[in-house]
Amino acid sequence: MELRDRKLYRSTHKTFEEYCRDRFGHNRRQSYLLMDAAVIFDNLEQKCDRNDHILPTNEWQIRPLTKLDPDIQPEAWEQAVESANGKVPSHRLVKDVVQRIMERTQVPNTYQIGEVCQILTKDNPELRGKGGCWAIVSAVNDFSCSVRMWDGEYAVGLQHLKSYNYLPAECEQIQFLSDRISRVYSGSLEESVQKFLESLGKLNRAYLTTVEEKLLNVLESEYGGKRIL
């Protein structure tokens, strides 16, 4: 970490990523993951019950702990060890414990049906490709929301949602836009058409520009959607 923070790699390489690739054979992201794991490992080694002294054996096992504050990480690890009957727990066991702790300490779900949110995909492969997209809350649960996007319904945890704080009229405009895109979009469309519709699904405003409106009208006319005059 000192190598990265003090930019010591610049004596031989232009970027940290180039250094990691040449020196260790992996990319910058993997290097950051390993550095995060090293910090967590040191934290567990110092604070966990020394009578048990069951410690991680690889980065993947403790990656879920990055979501927790350092003070809570030892508690989560010890719970995972207990769930594994005193053995080194798997990634899945650690992830389940972390999720339970996050739910226990999470603030109440304050989202409302019809509210427009942005999708945050960090550490959720099921949302891959949806980062930055808007979504409309269709159901509110204790620790998640069901949201409707222009290409379907999704169940999303609160940590993966961020409200746009739109006014009610703006939320209605986004719902209207979602319906329009849904009527046109399909996997059989030309790639350029799909890309345009997908770009509308990532707008960070509640309206279309004049050009966007004209293009969507053309697509609605061409592919069977209801044209908006």
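Here, each number is a calculation from the coordinates, and none is a lab measurement. Since this is a predicted model, take the numbers as computed values, not measurements. Here the Cβ is made from the backbone with ideal geometry for all residues, glycine too, and neighbour counts use every protein chain on show.
Put a dot 7 Å past the Cα of E190, heading toward its Cβ, do the same for A169, and the two dots end up 3.7 nm apart. In vacuo Debye scattering of region 169-223, one point per C-alpha: log10 I(q)/I(0) at q = 0.25, 0.26, 0.32 Å⁻¹? Scattering profile of region 169-223, log10 relative to I(0): -1.08, -1.16, -1.56.
Between A139 and A155, the simple label model (points 7 Å from Cα in the Cβ direction) yields a spacing of 0.8 nm.
Label sites at V39 and S146, each approximated as a point 7 angstrom past Cα along Cα to Cβ, lie 3.9 nm apart. In terms of Cα atoms, the Rg and Dmax of region 115-197 work out to 13.0, 40 Å. Backbone phi angles across region 66-75, fed through the Karplus curve with coefficients 6.51, -1.76 and 1.60 (θ = phi - 60°), yield HN-Hα couplings of 5, 7, 9, 5, x, 5, 9, 4, x, 4 Hz in residue order; Gly and Pro are listed as x. Extension gain, K47 to T210: 0.36 nm times the residue separation minus the Cα-Cα distance gives 52.7 nm.
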